[in-house]
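The values are calculated or read from the model by the stated rules, or taken from the named source; none is laboratory data. These numbers were taken from a predicted model, which means no experiment stands behind them. Glycine also receives a Cβ, built like all others from the backbone with ideal geometry; neighbour counts cover every protein chain displayed. The accessibility values were calculated without ligands, DNA or RNA, using every heavy atom of the protein model including side chains. Shrake-Rupley method; radii C 1.70, N 1.55, O 1.52, S 1.80 Å.
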Protein chains: 2
Amino acid sequence: MPTAAPVLGLRERNRLRRTRRVERAALTLALELGVDNVTVDMICEASDISPRTYFNYFGTKEGALIGPEPSVPDEAFVDEFVQARGPLVEDLMLLIARGFFATEPDRDVFTMRRELYAKEPSLQAVQVARMAGKRQATAELVRRRLASQHPDMPETEARDEAQLVMSVAFGAFPVISRLWIERSGEEAEVETYIHAAIARIRRIVSP
Amino acid sequence: MPTAAPVLGLRERNRLRRTRRVERAALTLALELGVDNVTVDMICEASDISPRTYFNYFGTKEGALIGPEPSVPDEAFVDEFVQARGPLVEDLMLLIARGFFATEPDRDVFTMRRELYAKEPSLQAVQVARMAGKRQATAELVRRRLASQHPDMPETEARDEAQLVMSVAFGAFPVISRLWIERSGEEAEVETYIHAAIARIRRIVSP
DNA sequence: TCACATTCTTGCAGTCTCTGCACTTTTGCG
DNA sequence: CGCAAAAGTGCAGAGACTGCAAGAATGTGA
């Protein structure tokens, strides 16, 4: 089983270089003019790429701005999650986080992105919507874990519970990622923030 | 201060009739062909309205499918929320719910909408995205309440806490609304589901 | 009842996002 | 070098959405 080859072919290197170039152009323009006043054509002109290729790379106009779609965690991780017996929400958030921060962008892009998110909250909505697409799949994962953990739990209750677990995790995620990104200078792990967030939630919903 | 006049002028009645007619046409088509295979032009042809007017009414293609945007709660409610001292998340969810279910659509539309939501999860993403637009405003509300409730709480902590409260509420909301809509035959109040959901969340995040 | 102001609907022209398809270029490899 | 696979590109077009200005419907006051 070949893990990601450490040395990349010319093809991959070109792709990476291009991706970065386009992302930079897109972010620069968006920061300068505002997302709504930037068109795909402008980004393409600035980064010397054809619009058709832009969409092959990023899929949507916002693609270059919000970063790559969280990768689907591979089966090993998923199975681990389903079988694990730790605190459920925590485990789930870790699973999500793992996919989310899998591809580390370069420093500039990272910084600009953070700046842009702060400046244009509408992008957060795009993010949330994209993640919402994975709600079904995620809820199903949680349901599987609940089923294997509590074989006696009624079907419908398990489904409702799974939905809620997923909702809480997805709901809190933007906050966690914001904190993590904002304080990324201090070298704390995501786990720390997840932990803290859950403790807070517990306090919040306590009577 | 005129509250909504009980008797509507011809103008309003026309608008209502039209809205309903268009919503029905849109939902019928979407249920039959799938959202992606329906165009605004088709909806307009089916409901005998001009595309331009369609957008004046609904703003987006999905507008007629997902229903009207939750109305901004009026100042009285907002103030009440800010000053209240009950369980925070619960109060917030009630505030959201109040805006959300303010405009009762007619029976057919309601039923079709429920059906469509079940059939096309992508619509849920649209919903979530639309609600995400109000994140800022909502978090600010919570922050105000926290500030008045705990004057000694540090600024930044209040902001983080507010964000998290808002996230939990927004996160759980789709679940609550789903439950409420699915079981809307049984005449239970939204409060009941909110209550139950919060109790569940408490259990979920408990160690 | 009739003008007049207001509000609403509509057509039109145009911009922008996004897609399928066919064609060319680039890359990997023997 | 030569060939096959992969990737980039141009083009034509569908579809969502907007601003504008003309035309229709509606409310109002005399």
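Ignoring any ligand, DNA or RNA, what whole percent of the accessible area of chain B comes from carbon and sulfur when the probe is 1.4 angstrom?
Whole-percent figure for carbon plus sulfur exposure: 54.
For the stretch A:46-144, what Kirkwood radius comes out of the mean inverse Cα-Cα distance, in Å? Could the numbers behind the result be given before it?
Values: mean 1/r = 0.0646 Å⁻¹.
Final number for the Kirkwood radius of the stretch A:46-144 is 15.5 Å.
Just to confirm the number: angle between the C-alpha axis of helix B:88-100 and the first principal axis of chain B, 0 to 90 degrees, nearest 10?
20 degrees
Can you tell me, using C-alpha contacts under 8 Å and at least 6 residues apart, the relative contact order of chain B as a whole percent?
On the way: 131 pairs, mean separation 42.4, N = 207.
Averaging sequence separation for qualifying contacts and normalising by length gives 21 percent for chain B.
To one decimal in nm, how far is residue A:21 from the same spot in the other copies, if labels go 7 Å from Cα toward Cβ? Please give the shortest first.
5.5
Kindly give the distances from residue A:71 to its copy-mates, label point to label point, with each label point 7 Å from Cα along Cα→Cβ, as nm values to one decimal ordered shortest first.
Listed shortest first, these distances are 4.9 nm.
Just to confirm the filter: which trypsin sites (Lys or Arg not before Pro) across the stretch B:74-180 are DSSP coil and have at most 13 other Cβ within 10 angstrom of their Cβ?
Working: sites: B:85, B:98, B:107, B:113, B:114, B:119, B:130, B:134, B:135, B:143, B:144, B:145, B:159, B:178; in loops: B:85, B:134.
Passing both the DSSP loop test and the Cβ count: B:85.
What residue in chain B has the Cβ closest to the axis turning B into A, and how close is it in whole Å?
B:171, 1
Select from B:172, B:76, B:46 the residue whose mean-square fluctuation is largest in a Gaussian network model of chain B (Cα-Cα springs shorter than 10 Å).
Comparing B:172, B:76, B:46 in the GNM, the peak value goes to B:76.
Kindly write out, for the stretch B:46-51 in residue order, the coupling ³J(HN,Hα) from the Karplus curve 6.51 cos²θ - 1.76 cosθ + 1.60 (θ = phi - 60°), rounded to whole Hz, with x marking Gly and Pro.
The phi angles translate into 5, 10, 6, 8, 7, x Hz.
Rank-order B:149-155, B:87-93, B:47-53 by packing density, defined as the average count of other C-beta atoms within 10 Å over each peptide's residues, highest first.
On the way: B:149-155: 9.9, B:87-93: 21.1, B:47-53: 13.1.
Packing proxy ranking, top to bottom: B:87-93, B:47-53, B:149-155.
Working from the alpha-carbon coordinates of the stretch B:75-205, get Rg over Rh, Rh being the Kirkwood radius.
Details: Rg = 15.8 Å, Rh = 16.0 Å.
Rounded to two decimals, Rg over Rh is 0.99.
Would you tell me the mean number of C-beta atoms belonging to other protein chains that fall within 10 Å of each C-beta in A:159-168, as a whole number?
Other-chain Cβ atoms within 10 Å of each residue's Cβ, averaged: 6.
Can you compute 3J(HN,Hα) from phi for each residue in the stretch B:144-157, using the Karplus curve 6.51 cos²θ - 1.76 cosθ + 1.60 with θ = phi - 60°, rounded to whole Hz and x for Gly and Pro?
4, 5, 4, 4, 6, 7, 10, x, 8, 6, x, 3, 5, 5
In peptide A:174-180, how many Cβ atoms from other protein chains are near each Cβ within 10 Å, on average? Mind showing how you got there, number by number?
Values: counts 8, 10, 3, 0, 2, 3, 0.
Neighbouring Cβ atoms belonging to other protein chains average 4 per residue here.
Gap in Å between the Cα centre of the stretch A:151-207 and the Cα centre of the stretch B:48-65?
Comparing the Cα centres of the stretch B:48-65 and the stretch A:151-207, I get a distance of 38 Å.
Let me know the whole percent of all Cα-Cα pairs from the protein assembly as shown that are separated by more than 26 Å.
Numbers: 52586 of 85491 pairs.
I get 62 percent for the Cα pairs in the protein assembly as shown exceeding 26 Å.
What does the helix-only formula give at 222 nm for chain A: each DSSP H stretch with n ≥ 4 adding -39500 (n - 2.57), the total divided by the residues, and the result rounded to the nearest 500 deg cm²/dmol? Mind dumping the intermediate values first?
Working: 11 runs with 149 residues, N = 207.
Mean residue ellipticity, 222 nm, calculated: -23000 deg cm²/dmol.
For residue A:151, go 7 angstrom from Cα along the Cα-to-Cβ vector, then report the distances to that same point in the other copies in nm, smallest first.
So the label point of residue A:151 gives 6.0 nm to the other copies.
How shielded is B:118-126 by partner chains, expressed as the average number of their Cβ atoms within 10 Å of its Cβ atoms?
Values: counts 0, 0, 0, 5, 4, 0, 5, 8, 2.
Other-chain Cβ atoms within 10 Å of each residue's Cβ, averaged: 3.
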